[in-house]
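See structure below.
The values are calculated or read from the model by the stated rules, or taken from the named source; none is laboratory data. Everything numeric here is computed off the predicted structure, so don't read it as measured data. Neighbour counts are summed over all protein chains in view; Cβ atoms, including those assigned to glycine, are modelled from backbone coordinates with ideal geometry. Side chains are part of the model used for accessible areas, which takes the heavy atoms of the whole protein and leaves out ligands, DNA and RNA. Shrake-Rupley method; radii C 1.70, N 1.55, O 1.52, S 1.80 Å.
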Amino acid sequence: MRHPRALWLPAVLGLALVGIPVVSLLVRTPWSRLGDLLGSDIAVQALGLSALTSLAAAAAAFVLGVPLAAILARSRFRGRSVLRALITLPMVLPPVVGGAALLYAFGRRGTVGEPIYEATGLVLPFSPWGVILANTFVALPFLVVTVEAGIRNLDSRYESAAATLGAGPWTAFRRVTLPMVTPALLAGTVLAWARALGEFGATVTFAGNLAGRTQTLPLAVFVALEQDRDAALALSVVLVAVSLVVLVALRDRWWTGR
Amino acid sequence: MKRAAILMLVMTACAGQSDPVIRVSAAASLTGVFTQMASEYTTTTGIEVDLNFAGSSALREQILEGAPVDVYASADESNMQRVVDAGAATTAQVFATNSLVIAVPAGNPGNVTGLADLERPDLLVGVCADGVPCGDLARALLEAAGVQASVDTNEPDVRALVTKIETGELDAGLVYRTDLGDSLESIAVPAHPPTRYMLASLTDAGGDFVAWVRSERGSEILRAAGFGAP
């Protein structure tokens, strides 16, 4: 089918809107010094911390998100759509608002944070744990949405058949449902990880900014932009490259959930 | 007919640049005073003022990358110098000074008594990031006093730092004395050379607002907020 000609101009403009900034970033990047820049103490610390916290957040999102997705996909109860809206809220909420909300919840004077602090002395903000918490907060909905779509697209008669053959609900979930939605599990986890890797607003608001402790890649880029432009560009290239690899690898799985 | 109306609308929107609006980029620590000055300026002249507050270094980068700005107010000399060196402004003038204090949450839960307490590892301590004037000033102050602060966070601007102290998440932080507000308590630090706030007009349109900041009334607002005279 030929596309109507009227579609071309806005389509090309849309592509340019996204493409030109990315290309401009690459043009400005000091390629010959890339190795040196990425080997600096600040860069190495930020890369290491980001790897650790984003993987931990993806793991946490998996453990908490898969059960949530399964319940949302297969149960019918009043308020389910409200619950789903709530869980996807961090996808659209400005991250800095999320960070402030986390501070009021899990900060040292927060609703949950204060009793925890008084009982154990544990302080979440300004620690890598705080970074993981902020990352999980923003990444969780990506996993839940993807996995829920995968489970909902699955014919529930498979699970019913398993039940007639004597499988309990847990066995059916573990042996039938989960294996059949493996691609959605994979896509959801990778998306959650990529979102965690790029997290900025909630992290700086909730966890602060200290090299080696809470300064992840995006924070290091933000600080370096005003200090050492070349270092900021080098770190940005890493983020762009990782994101592109993830998105190309996932292709259209995100949208179909299978 | 309808098309012509839409075209007219688009053209007026594009021509909107002729509506007088002065775009002011000011250091985060000027948030209170510049908001007041802009509002009085608009009341007097009828000219709208768009205010953009952030760390002086972030604003400097925006200007050097070509952001349309009529007036730049930095909280130190080095950020302004780079804007002048780049040819974005011809002259800049000192219009206020400011110095640091230790800010603690109401009730001083960390029992902070002086600069040396910032070395205590049991306290959560914040300063502004490198390159942000309040951060550079804080580092100079700590170094001059021989204090190795155990810093837990380098905040991107002084307002972000103040918020974290106000909410009690930090036990202490080095902020401008003008940023204390009502909810923070302050602890004095050793005398130190203050930071000098610089003001420059980057376009012809900005000159009038600069003159307003330097006027008798402008100085009064700055003084009332605790800023020092230039």
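By the helix-only formula, in which each DSSP H run with n ≥ 4 contributes -39500 (n - 2.57) and the sum is divided by residues, chain B has a 222 nm mean residue ellipticity of -11000 deg cm²/dmol.
The separation of segment A:126-201 from segment B:146-184, counted between C-alpha centres, amounts to 40 Å. Per-residue ellipticity at 222 nm, computed for chain A from helices alone with -39500 (n - 2.57) per DSSP H run of at least four residues, works out to -23500 deg cm²/dmol. Loop-located trypsin sites (Lys or Arg not before Pro) across segment A:1-63 with a Cβ neighbour count of 14 or fewer within 10 Å are A:2, with loop assigned by DSSP. Taking both sides together, the accessible area buried where B meets A is about 1800 Å² for a 1.4 Å probe. For segment A:33-256, the relative contact order works out to 32 percent when only alpha carbon pairs closer than 8 Å and six or more residues apart are counted. The mean count of C-beta atoms from other chains within 10 Å of the C-beta of residues in A:205-218, rounded to a whole number, is 3. For the protein assembly as shown, which whole percent of the accessible surface, found with a 1.4 angstrom probe, sits on carbon and sulfur atoms? Using a 1.4 Å probe with all protein chains present, the protein assembly as shown comes out at 63 percent carbon and sulfur. Cα-based values for chain A, radius of gyration first and Dmax second, are 21.2, 67 Å.
Of A:231, A:192, A:16, the residue with the greatest mean-square motion in the GNM of chain A, using alpha carbon springs below 10 Å, is A:16.
Pick from A:128, A:30, A:183: which is most flexible by mean-square fluctuation in a GNM of chain A where alpha carbon atoms under 10 Å apart are linked? Most flexible of the set in this elastic network: A:30.
Based on Cα contacts under 8 Å between residues 6+ apart, segment B:100-187 shows a relative contact order of 48 percent. Heavy-atom accessible surface of residue A:20, to the nearest 10 Å², is about 100 Å², with a 1.4 Å probe and all protein chains retained. Looking at the protein assembly as shown, the DSSP beta bridges with both ends there are about 55 percent antiparallel. Taking B:176, B:72, B:41 as the candidate residues, the one with maximal mean-square fluctuation in a Gaussian network model of chain B, Cα springs under 10 Å, is B:41.
A 1.4 Å probe run over the protein chains yields, for the protein assembly as shown, 50 Å² of accessible area per residue, whole-number rounding. Grab the other residues whose beta carbon is less than 14 angstrom from that of residue A:39, score K and R as +1, D and E as -1, and report the net. Here the count lands on -3. Residue B:152 contributes about 30 Å² of solvent-accessible surface, heavy atoms of the protein only, 1.4 Å probe.
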